[in-house]
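The values are calculated or read from the model by the stated rules, or taken from the named source; none is laboratory data. As the structure is a prediction and not an experimental result, all values here were calculated from the model. Heads up, the Cβs are rebuilt from the backbone with ideal geometry, glycines too, and the neighbour counts pull from every protein chain shown. Ligands, DNA and RNA are stripped out before the accessible areas are found, and what is left, the full protein with its side chains, is counted by its heavy atoms. Shrake-Rupley method; radii C 1.70, N 1.55, O 1.52, S 1.80 Å.
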Amino acid sequence: MTVVALLSVAPVIEDSMADEVAKAVDALEEYDVTYETNPMGTVIEAETTDELFAAAQAAHDAVDADRVSTVLKIDDKRTRDIDAAEKVSAVEEQLGRPARNREE
């Protein structure tokens with residue numbers, strides 16, 4: 001089983017959050033997850049929800065601030081194994097093109 005999630009962890013501050021967000025992303029390295037950070041959060045893939053929750057907890061705890069905002073959205077597809085890349089590919093197949101509007 002592959003569990004796919006979108007994790008967003010950030011300190012509630014007025015200044016740049018990059019330093020603290022980097023700490024949250026770095027904390028994921030200690031877990032058996034794959035991840036990719038984008039401007040709105042980090043997509044995480046794990047084999048179990050236990051590993052996913054442990055990684056998300058570590059990311060949340062890594063942020064050193066008086067107030068931390070964490071959002072975790074989980075897709076736990078239990079009937080078949082599908083990863084994040086396959087989910088994007090399925091949308092692109094329906095579109096007949098890449099799911100973005102610019103060249104990378």
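Looking across the range 1-31, just one residue is in contact with a strand residue (DSSP E or B) (Cβ under 7 Å, 6 or more places away or on another chain) and charged (D, E, K, R), and that is GLU20.
Looking only at residues of the range 19-39 that are assigned to a loop (DSSP other than H, G, I, E, B) and free of Cβ contacts under 8 Å to residues at least 24 places away in the same chain, we find that the one that is surrounded by the fewest Cβ atoms within 10 Å (Cβ to Cβ) is PRO39. Please enumerate the residues belonging to the range 77-104 that are touching a residue at least 60 places away in the same chain (Cβ under 8 Å), among the hydrophobic types (A, V, I, L, M, F, W, C) and assigned to a helix (DSSP H, G or I). Once the filter is applied, which keeps residues that are touching a residue at least 60 places away in the same chain (Cβ under 8 Å), among the hydrophobic types (A, V, I, L, M, F, W, C) and assigned to a helix (DSSP H, G or I), the range 77-104 yields only ALA84.
The condition of being in contact with a Phe, Trp or Tyr (Cβ under 8 Å, 6 or more places away or on another chain) and either basic (Lys, Arg) or under 28 Å from GLU86 (Cβ atoms) (or both) holds for only one of VAL4, VAL43, that being VAL43. For the range 77-104, filtered to residues that are more than 18 Å from TYR31 (Cα to Cα) and of a type in the set (Asp, Glu), the residue that is surrounded by the most Cβ atoms within 10 Å (Cβ to Cβ) is GLU92.
Scanning the range 49-76 for residues that are of a type in the set (Gly, Ala, Ser), farther than 16 Å from LEU28 by Cα and either open to solvent by 70 Å² or more (accessible area, probe 1.4 Å) or not in a loop (DSSP other than H, G, I, E, B) (or both) gives a single hit, SER69.
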